[in-house]
1. If you place +1 on the Cβ of every Lys and Arg and -1 on the Cβ of every Asp and Glu, how big does the dipole about the Cα centre of the chain come out, in debye to the nearest 20?
2. Could you point to the label whose value was computed as Cα extents along the principal axes in Å for the structure here, given (i) 29, 26, 20; (ii) 36, 26, 24; (iii) 46, 28, 18?
3. In whole percent, how big is the carbon plus sulfur part of the accessible area of the chain, probe 1.4 Å, protein atoms only?
4. Taking R0 as 30 Å, what FRET efficiency do you get between residue 69 and residue 28 from their Cβ-Cβ distance, rounded to the nearest 0.05?
5. Report the label-to-label distance for residue 10 and residue 45 in nanometres (one decimal), using points 7 Å from each Cα along the Cα→Cβ vector.
6. What does the helix-only formula give at 222 nm for the chain: each DSSP H stretch with n ≥ 4 adding -39500 (n - 2.57), the total divided by the residues, and the result rounded to the nearest 500 deg cm²/dmol?
Amino acid sequence: MPKENDIRVIIIAPNTNPVIKIIKNTLQAFQEIVGGYIETYPFFKTGLLIVCNEDGKLISLAPNFKIGNEFIVGTILICGSDPN
């Protein structure tokens, strides 16, 4: 059962199936999953965010998937965004 400061996310590592996990809703937890500083991208107009490693391309992380002309690399997580 999620606690007050927990969040349900989808984690997708390159070449693996997505996994749903409950994690702490903290910067540190997000950074541990993506392996460094985070960068976020809105997931179209769904209210979801893609969270990835900010330096993923610079440190040659494995490609994960492509959106338009942009490759997203490394392990990512998808979560809801809070408009506030």
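The values are calculated or read from the model by the stated rules, or taken from the named source; none is laboratory data. Fair warning: this is a prediction, and the values are worked out from it, not measured in the lab. FYI the Cβ positions are ideal-geometry reconstructions off the backbone, even for glycines, and counts take in every protein chain you see. For the accessible areas, the whole protein counts, side chains as well, though only heavy atoms, and no ligand, DNA or RNA atoms are used. Shrake-Rupley method; radii C 1.70, N 1.55, O 1.52, S 1.80 Å.
1. Values: 7 positive and 8 negative charges, 51 e Å.
Here the chain has a charge dipole of around 240 debye.
2. (ii)
3. Carbon-and-sulfur percentage of accessible area, whole number: 56.
4. 0.40
5. 1.9 nm
6. Working: 1 runs with 8 residues, N = 84.
Rounded to the nearest 500, the figure is -2500 deg cm²/dmol.
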